[in-house]
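First the structure, in the form of structure tokens, and then the observations on it.
The values are calculated or read from the model by the stated rules, or taken from the named source; none is laboratory data. Remember, it's a predicted structure, so these values are computed and weren't measured experimentally. All Cβ positions, glycine included, derive from the backbone under ideal geometry; neighbour counts span all protein chains shown.
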Protein chains: 2
Amino acid sequence: MTEAAQRSASTGRAKLADVAALAGVSVGTASKALSGSGRMRPETRQRVLDAVERLGFRPNQHAQSLHAGRSWTVGLMTTDGIGRFSTPVLLGAEDALGAGKISVLLCDTRGDTIREQHHLRNLMDRRVDGIIVTGRRTDPRPPLNGVEDTPIVYALSPSTDPSDTSVASDDRGGAHLAIEHLLATGRGRIAHVTGPEHHAAARDRARHAVGLLEQSDAQLAGGRVHFGEWSEAWGRRAADLVLRTAPDTDAFFCGNDQIARGVADTLRERGRDVPGEIAVVGYDNWDTMALASRPPLTTIDMNLAEIGRIAALRLLEAIDSEPVPGVHTVPCRLVVREST
Amino acid sequence: MTEAAQRSASTGRAKLADVAALAGVSVGTASKALSGSGRMRPETRQRVLDAVERLGFRPNQHAQSLHAGRSWTVGLMTTDGIGRFSTPVLLGAEDALGAGKISVLLCDTRGDTIREQHHLRNLMDRRVDGIIVTGRRTDPRPPLNGVEDTPIVYALSPSTDPSDTSVASDDRGGAHLAIEHLLATGRGRIAHVTGPEHHAAARDRARHAVGLLEQSDAQLAGGRVHFGEWSEAWGRRAADLVLRTAPDTDAFFCGNDQIARGVADTLRERGRDVPGEIAVVGYDNWDTMALASRPPLTTIDMNLAEIGRIAALRLLEAIDSEPVPGVHTVPCRLVVREST
């Protein structure tokens, strides 16, 4: 029996951390096992349930607030509305937290410092156990001010402070999945059309894509990255530009699905066969866009709900025991459709 | 001085309802005037502020929970995830509630009865002051079970029980805005392409559009409504069908922006000039879709954030004084772009 388990057994006040220690798993895994929400090996779940029984841990003590000083509420703060990116993150977090008895207080700061301070004061007044901060962009953001000892996890937009806990998308892995898929399907002259260079999502994906191309036998078509806007109109214009300046291009890797759809439209209207002559890969797996495209788009899915879910589990860890500082990245996944 | 004001003046415990009564406005208006969030005539706001001073009402008593038995939290329950429709409703409600000191507990039931009961029990345990229920569809939904005396307002998806309070979109007004705009711009043979007939949004808009056409000199092109899917692919197929069966059609009114975009794509690809020969009107004002369309779409905006905001104000009324039963409809607005 571990020290923690012995201590708990002697006081009769088992905590989730004690259950986790006895089962030899992280607090997050123990929490998942109890809520029944996460995927794990049946043996792992059984070990946790055995530990629960052995220590007399009662999960519903959450609801009864047996632990003094806990409100069993968590703040979910979005910094710029609830958009296409923050929605799945919020739902993933709500799912992981709500499966237990933790309630989620929703705050929308709309990128306004006064609103942020107003909401933050309100969350502090309500003694939330922790806060998840999320935003629309993947650019790092300054840490929240005035939260004292309340645990915070940053989701999607990581904190600039490396001692904070952040959960971010693996842009490097995403770019590699796209390029490796194009190389594996025999493409050798790959154009990269993406959003504004001052957005981390555009810059990072471009850097990793170009880096991987340089290590391969393939070329970056046109010799440079085409930075622009996150729009279909830019995709349409950029495709014309590439067809003119690098007519032997045989693939486009695009920074998002809107750009990819614009590229696919121009290629079709210029009589170029997709994917026969030219392959197109998008990014985001925004289903409305990717499925309505002609042809439907092969794309990179950032697993946004998983980012929210992991942020929630990291927050539970920080509340129940110790925060894990640093940026935790969640892998992307390649979704193959008819455009490649 | 009104009776309410006299009572308050004598006890020294003014309530928001007393302020509203003295100012001669609704509780919702008084709440808006105090939070500074809503639009109103300056004289109205001044009357409310005068009443506040005269009665010694302190808005921050909200924060101090001077009223026994109030938690100053409200549940925001979405029944089928947070989608394109529920997001602006949620944000409108959060904005109206959060401007005061009311916190919003977010629950996502995902259309699952067990999840709904779980969240509802949790909200009851936390003694929320009220609940806003919203969903993705405009179809009426059965009332929530097991909420006893907690005030509830249904937003977007109205309750089937007429004694409940609901805030819905004015589908009749939206259909009329679209048809009247087409008639005013000289169109006379108007096709209607929309979503599945078992969706209230498709059925209601179609009925009102057809009703208005019957009272006018214009015709429903092809003599029938084209029910199908809420997709671009259906818009593309339906446009081909209409061009074949009613070649003199001079306008399309579409049940959503995705269908309208599909229609516009087919018309362009068949060499038909939009809006020169044929006008196209969408529905939803989903900016990504409406702006990326070639040409950008004239469309109907349901004012979803306003639905959320009004639902929040109706809930505050129900909490502070009496609920107003029935379905309150929020007017739509016509957004004119290049497709008409």
Extreme residue, farthest from A:Ala168 (Cα to Cα), among residues of the range A:105-119 that are more than 9 Å from every other protein chain (Cβ to nearest Cβ) and surrounded by fewer than 21 Cβ atoms within 10 Å (Cβ to Cβ): A:Ile114
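Listed here are the residues, each with its yes/no results for (1) in contact with a Cys (Cβ under 9 Å, 6 or more places away or on another chain); (2) at pLDDT below 95.
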{"position": "A:Val280", "(1), (2)": "yes, no"}
{"position": "A:Ala292", "(1), (2)": "no, yes"}
{"position": "A:Ile300", "(1), (2)": "yes, no"}
{"position": "A:Ala305", "(1), (2)": "no, yes"}
{"position": "A:Glu317", "(1), (2)": "no, yes"}
{"position": "A:Asp320", "(1), (2)": "no, yes"}
{"position": "A:Pro331", "(1), (2)": "no, no"}
{"position": "A:Glu338", "(1), (2)": "no, no"}
Filter result for A:Val263 (touching a Leu at 6+ places or on another chain (Cβ under 8 Å) and either farther than 11 Å from A:Ser339 by Cα or surrounded by 20 or more Cβ atoms within 10 Å (Cβ to Cβ) (or both)): no
Strands (runs of 3 or more DSSP E) lying entirely in the range B:125-200 (those with 2 or more residues that are more than 14 Å from chain A (Cβ to nearest Cβ) and in contact with a Ser or Thr (Cβ under 6 Å, 6 or more places away or on another chain)): B:152-155, B:165-169, B:189-194
Residue list for the range A:233-255, restricted to those being free of Cβ contacts under 8 Å to residues at least 40 places away in the same chain and within 14 Å of chain B (Cβ to nearest Cβ): A:Ala233, A:Arg236, A:Arg237
Residue match in the range A:72-94 (condition: in a loop (DSSP other than H, G, I, E, B), modelled with pLDDT of 80 or more, on the phi > 0 side of the Ramachandran plot and crowded, with 20+ Cβ neighbours inside 10 Å): yes
Subset of the range B:189-229 [among the small types (Gly, Ala, Ser) and within 17 Å of B:Ala246 (Cα to Cα)]: B:Ala191, B:Ala218, B:Ala221, B:Gly222, B:Gly223
The one condition in (1) buried (at least 21 other Cβ atoms within 10 Å of the Cβ); (2) in contact with a Cys (Cβ under 9 Å, 6 or more places away or on another chain) that A:Ala168 fails to fulfil: (2)
Pair list, Cβ under 8 Å, 6 or more apart: the range A:203-228 residue assigned by TED's automatic domain parsing to the domain that holds A:Val280, other residue assigned to a helix (DSSP H, G or I) and of a type in the set (Ser, Thr, Tyr): A:Gly222/A:Thr245
Flag if A:Thr87 is more than 24 Å from B:Met124 (Cα to Cα) and at the interface with chain B (Cβ under 7 Å from one of its Cβ atoms): yes
Residues of the range B:96-113 satisfying the condition of being under 22 Å from the mean Cα position of the chain (by Cα) and assigned to a loop (DSSP other than H, G, I, E, B): B:Ala99, B:Gly100, B:Ile102, B:Thr109, B:Arg110, B:Gly111
Filter pass, B:Glu116 being at pLDDT below 90, under 15 Å from the mean Cα position of the chain (by Cα) and of a type in the set (Asp, Glu): no
Complete set of residues in the range A:283-340 that are over 15 Å from A:Ser166 (Cβ atoms), among the acidic types (Asp, Glu) and surrounded by fewer than 24 Cβ atoms within 10 Å (Cβ to Cβ): A:Asp287, A:Asp301, A:Asp320, A:Glu322, A:Glu338
A:Arg189 vs. criteria in contact with a strand residue (DSSP E or B) (Cβ under 6 Å, 6 or more places away or on another chain) and surrounded by fewer than 24 Cβ atoms within 10 Å (Cβ to Cβ): yes
Top-ranked residue in the range B:138-155 [being at pLDDT 95 or above and within 27 Å of B:Trp230 (Cβ to Cβ); ranked as nearest to the chain's Cα centre (by Cα)]: B:Ala155
Within the range B:192-207, considering residues that are in contact with a Gly (Cβ under 8 Å, 6 or more places away or on another chain) and crowded, with 18+ Cβ neighbours inside 10 Å, the one farthest from B:Phe252 (Cα to Cα): B:Ala201
Failed criterion for B:Ser169 (all others in (1) in contact with a His (Cβ under 8 Å, 6 or more places away or on another chain); (2) under 23 Å from B:Glu94 (Cβ atoms) hold): (1)
Residue selected from the range B:72-101 under the condition among the β-branched types (Val, Ile, Thr) and touching a Ser or Thr at 6+ places or on another chain (Cβ under 7 Å), by the criterion farthest from B:Asp284 (Cα to Cα): B:Thr73
Contacts under 7 angstrom Cβ, first residue in the range A:90-104 being more than 18 Å from B:Arg126 (Cα to Cα) and at the interface with another protein chain (Cβ under 7 Å from one of its Cβ atoms), partner charged (D, E, K, R) and surrounded by 22 or more Cβ atoms within 10 Å (Cβ to Cβ), 6 or more apart: A:Leu91/B:Asp108
Among (1) of a type outside the set (A, V, I, L, M, F, W, C); (2) more than 20 Å from B:Glu269 (Cα to Cα); (3) modelled with pLDDT of 95 or more - the single one A:Asp287 does not satisfy: (3)
Answer residue from the range B:123-137, given it is at pLDDT below 90 and in contact with a helix residue (DSSP H, G or I) (Cβ under 8 Å, 6 or more places away or on another chain) and is surrounded by the most Cβ atoms within 10 Å (Cβ to Cβ) among those: B:Gly135
Complete set of residues in the range A:284-333 that are closer than 16 Å to A:Gly255 by Cβ and charged (D, E, K, R): A:Asp284, A:Asp301
